[in-house]
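Presented below is the structure to which this report refers.
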Amino acid sequence: MYSWLQASLDQLCQRASQNRLHHALLLKGFKGIGKTKFAEQLGRFLLCANKQTVPEQGYAACGQCQSCLLLGAGNHPDLYEIRSDKQIGVDAIREAIKKLSGSSQLSGAKVLVIHDAHTMTESSANALLKTLEEPTNNTFLLLLSAQAERLLPTILSRCEKVALASPTKQACIAWLKQQGYQNVDDAMLRLYGASPLLLIERLNTPPKINYQDVIQSIDALRTGQADAADLAIKWQDEAINMVKWLQIWLVDQLKKDATNAESLWKMHSLCVSANVQLRNPGVNKTLVLVNILQSMVK
Ligand SMILES: [Zn+2]
């Protein structure tokens, strides 16, 4: 398990081994912090017939029982997963609930993992409610989400929320070194350090626009050599990254010179609302960017 998630995993495994684990967990945290692997390891532990539960030795699945072997082969009859690129439809939920309502094939626990749970439609979420309220015996539902605020309140209130933390900067750097990435650019660390797996993806395929480009463009904008609308059009495909870069730039300005603090914080709060707006699939990204960029013109 990733070092920054180990303590949370141990805690849940400990509670599971004492039969004190809530049957519905919402595992929430930034995209790219390792939620999928976390759910996989927790599921493995829950399903294992011969768990290692001596605190001093750590909590782990045995790796040898029938359940562990089936999981290793990717073929466990009591593990169900729902994932979808866009939306999780009601049929997928109903099918999973039907499977969960039967008895366990291996006489152990049953686990349902719902990836990107915030993509459930309203009817999917409603179909899941009864199972969340009255689960069948020894059944665990693991809901994963990087945007938990988009889940219906009825779902949120029925789950125990487990906030998975991102690594500290030092932990992230140490982990990157283990993965063979030395001397990672500080701007990339600041942009993606909270999402290490995403950071590695970006290091392999660097964004088209880097922080140096952003600094130069803002200078040009503030000295009248660039136009906010032109920049917004150029940046719209990477709008979310661009807003993050702008936030980093604003924080850097504040550190250098606090005399403009008030206007800089105003721009920063525009960025914060832009982050929320950009999560809406139908949003006009150019307009969102223009709004911030115009506020930066002196
Ligand atoms: Zn096992």
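The values are calculated or read from the model by the stated rules, or taken from the named source; none is laboratory data. If you're wondering where the values come from, they're calculated on a predicted model, not measured in any experiment. Here the Cβ is made from the backbone with ideal geometry for all residues, glycine too, and neighbour counts use every protein chain on show. The area values use the complete protein model at the heavy-atom level, side chains included, leaving out ligands, DNA and RNA. Shrake-Rupley method; radii C 1.70, N 1.55, O 1.52, S 1.80 Å.
With contacts taken as Cα pairs under 8 Å at a separation of at least 6 residues, the chain carries a relative contact order of 19 percent. A DSSP coil position with no more than 15 other Cβ atoms inside 10 Å describes the following trypsin sites (Lys or Arg not before Pro) in the stretch 4-44: Arg20, Lys31.
Note on Ile233: accessible area is roughly 100 Å² with a 1.4 Å probe, heavy atoms of protein only. For the chain, carbon and sulfur atoms together expose 48% of the accessible surface, with a 1.4 angstrom probe and every protein chain in place. Evaluated with a Cβ-only charge set (Lys, Arg +1; Asp, Glu -1), the chain carries a dipole of roughly 340 debye about its Cα centre, given to the nearest 20.
Solvent-accessible surface of the stretch 167-206, taken per residue with a 1.4 Å probe and all protein chains present: 55 Å². With contributions of -39500 (n - 2.57) from each DSSP H run of at least four residues, the per-residue ellipticity at 222 nm computed over the chain stands at -16000 deg cm²/dmol. Short-range pairs are left out: with C-alpha atoms under 8 Å and at least six residues apart, the relative contact order of the stretch 62-184 is 23 percent.
The tail of the calculated P(r) for the stretch 1-56, taken as Cα-Cα distances beyond 15 Å, holds 47 percent of the pairs. Convex hull volume of the Cα atoms of the chain, normalised per residue: 156 Å³.
Working value for the stretch 114-213: equivalent-ellipsoid semi-axes of 37, 16, 11 Å, each the square root of 5 times a Cα gyration tensor eigenvalue, largest first. Averaged over its residues, the stretch 3-163 has an accessible area of 50 Å² per residue, based on protein heavy atoms and a 1.4 Å probe. Solvent-accessible area per residue in the stretch 208-296 equals 55 Å², computed with a 1.4 angstrom probe and all protein chains kept.
To the nearest 0.05, what FRET efficiency results for Leu106 and Lys31 with a Förster distance of 35 Å applied to their C-beta separation? Mind showing how you got there, number by number?
On the way: r = 33 Å, r/R0 = 0.94.
It comes to 0.60.
Under the classification rounded if a/c is under 1.5, otherwise prolate if a/b is larger than b/c and oblate if not, where does the stretch 167-206 fall, given a ≥ b ≥ c as square roots of the Cα gyration tensor eigenvalues? Here the stretch 167-206 falls in the rounded category. Please give the Cα centre distance for the stretch 195-271 versus the stretch 1-48, rounded to the nearest Å. If we compute the Cα centre of each part, the gap is 35 Å.
Extension gain for Thr121 to Leu156 (0.36 nm times residue separation, less C-alpha to C-alpha distance): 11.2 nm. Summing +1 for each Lys or Arg and -1 for each Asp or Glu, what net charge is found among the other residues whose Cβ lies under 15 Å from the Cβ of Ala261? Once all neighbours under 15 Å are counted, the net charge is 0.
Between Glu95 and Asn50, how high is the FRET efficiency from 1/(1 + (r/R0)^6) when r is the Cβ-Cβ distance and R₀ = 30 Å? Nearest 0.05. Here the calculated transfer efficiency is 0.50.
Taken one residue at a time, the phi angles of the stretch 9-18 give Karplus couplings (6.51, -1.76, 1.60, θ = phi - 60°) of 5, 4, 4, 5, 5, 4, 5, 4, 5, 9 Hz. Gly and Pro are set to x. Pairs of Lys residues in the stretch 208-296, spaced 8 or more positions apart or belonging to different chains, with C-alpha separations under 26 angstrom: 13 in total.
Taking Phe38, Phe30 and ordering them by how much accessible surface each has at a 1.4 Å probe, largest first, produces Phe30, Phe38.
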